[in-house]
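Input: a single structure, listed below in structure tokens.
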Amino acid sequence: RAGIRVETRTMAQWEKGLGNAYYFLGDLAASRTHLEQAVSGLDRTVPQSAGGVTLALLANALRQLAHANARSWFAGRRAEVRDALDAAVDCYKTLGQIYYLTGAPTANLTYLTLRGLNVGELAGPSEALACVMSNMGVMTALVGFRDAARRYSERAIRMAEQEGQYASAAYVWHIFAIQRAQEGDFDGARDASDRALELIDELGDNNLQAEASIVRSTVNLCEGNFGAAPDAWRRARAAAMRTGNPQILCWTFLDEVDTALGAGNVQDAARALRQALAIETDPADGSSTIDKLRAVAMTRLHEGRYK
């Protein structure tokens, strides 16, 4: 919307800044509120009702199909408001992560990713577009469209690997590691994780360091590589403590539980579990709640405690 007033955009940018700050502090509910306010000022209101989400999802799926069939015609058509659109795309990316972590319906999550992708393509190539495009790769892989997922991921990598774009390249490789892991390609996940962590070290981003390191720890644990996992979750823990992120800090102790159980050390697992349970995570953070319950069940099983 080229007619957005400067005051509205400025307020939206403030809301975006608050939303990002709360996200990195682990307050997902507050982050979502501020980021949705930002999106409302930068692009459009995020639909909340089931019917509204369905209609918006269908409209954006059709729009993305049109983009795919006439990419050169759509690319950069709204470059005159690129700054506002890039900011909106960044909000859609983070909102997608929040919706994923809090167990929101798939339709809501898919809408955010599609909308961010469509808006980003109208603005033209950017770091924000590369990031949301990588999220689209994960989304399409989850619903079984692996060829499309690989195309989105490869486009995101090419766009992000432009000279000097460390932030987007680090994020894109991090997301690609998740995608490879979800498909059971742990060799590919490790390679992507290596590239992400290399770029993150150059970038010095503690928040992304924590996220990428915990993914690397999870990959190691899924492979049964209990010897390599501690280096990853310790690195994630140090970064999470620097940023004050309780969610990832909790996850590091849960990974320590799995590491100890894998090595047959039930006493250390119980100790790490107590530390994980002592960390309060956002009530809206369903993934952490589920993982805590899983860790409790597994530890109690190994302890022989059935009540």
*Å³ per residue enclosed by the Cα convex hull of the chain*: 135
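What FRET efficiency, computed as 1/(1 + (r/R0)^6) with R0 = 51 Å and r the Cβ-Cβ distance, is obtained for residue 158 and residue 307, rounded to the nearest 0.05? Before the final figure, lay out each step's value.
Values: r = 56 Å, r/R0 = 1.09.
The formula returns an efficiency of 0.35 here.
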*Given a 1.4 Å probe and every protein chain left where it sits, what share in percent of the accessible area of the chain is carbon and sulfur?*
55
*Any idea of residue 178's accessible area? Nearest 10 Å², probe 1.4 Å.*
50
*Note the full-extension length gain between residue 58 and residue 150 as 0.36 nm times their separation in residues minus their Cα-Cα distance, in nm to one decimal.*
30.9 nm
*With the radius of gyration and the Kirkwood radius both derived from the Cα set of region 1-62, what is their ratio Rg to Rh?*
1.05
*Solvent-accessible area per residue for the chain at a 1.4 Å probe radius, Å²?*
46
*Straight-line reach from residue 292: which lysines have Cα under 27 Å away, leaving out those fewer than 8 places along the same chain?*
93, 307
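Using the per-residue mean of other Cβ atoms lying within 10 Å as a proxy for protection, in what order, highest first, do the peptides 52-64, 232-244 fall?
Ranking, from highest mean packing down: 232-244, 52-64.
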*In the calculated pair distance distribution of region 1-135, what percentage of Cα-Cα distances lie above 21 Å?*
37
*Add -39500 (n - 2.57) for each DSSP H run of 4 or more in the chain, then divide by its residues: what number comes out at 222 nm, to the nearest 500 deg cm²/dmol?*
-26000 deg cm²/dmol
*asked:* Please compute the Kirkwood hydrodynamic radius over region 199-307, one decimal place, Å, based on all pairs of different Cα atoms.
replied: 14.0
*Which value in nm describes the separation of the simple spin-label points at residue 48 and residue 223, placed 7 Å from the Cα toward the beta carbon?*
4.5
*Could you check the simple spin-label distance between residue 191 and residue 274, using points 7 Å along Cα→Cβ, in nm with one decimal?*
4.5
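The values are calculated or read from the model by the stated rules, or taken from the named source; none is laboratory data. Note that the structure is a prediction, hence the values are computed from the model and not measured. Every residue, glycine among them, receives a Cβ derived from its backbone with ideal geometry; neighbour counts consider all protein chains shown. These area figures cover heavy atoms from the full protein model, side chains too; ligands, DNA and RNA do not enter into them. Shrake-Rupley method; radii C 1.70, N 1.55, O 1.52, S 1.80 Å.
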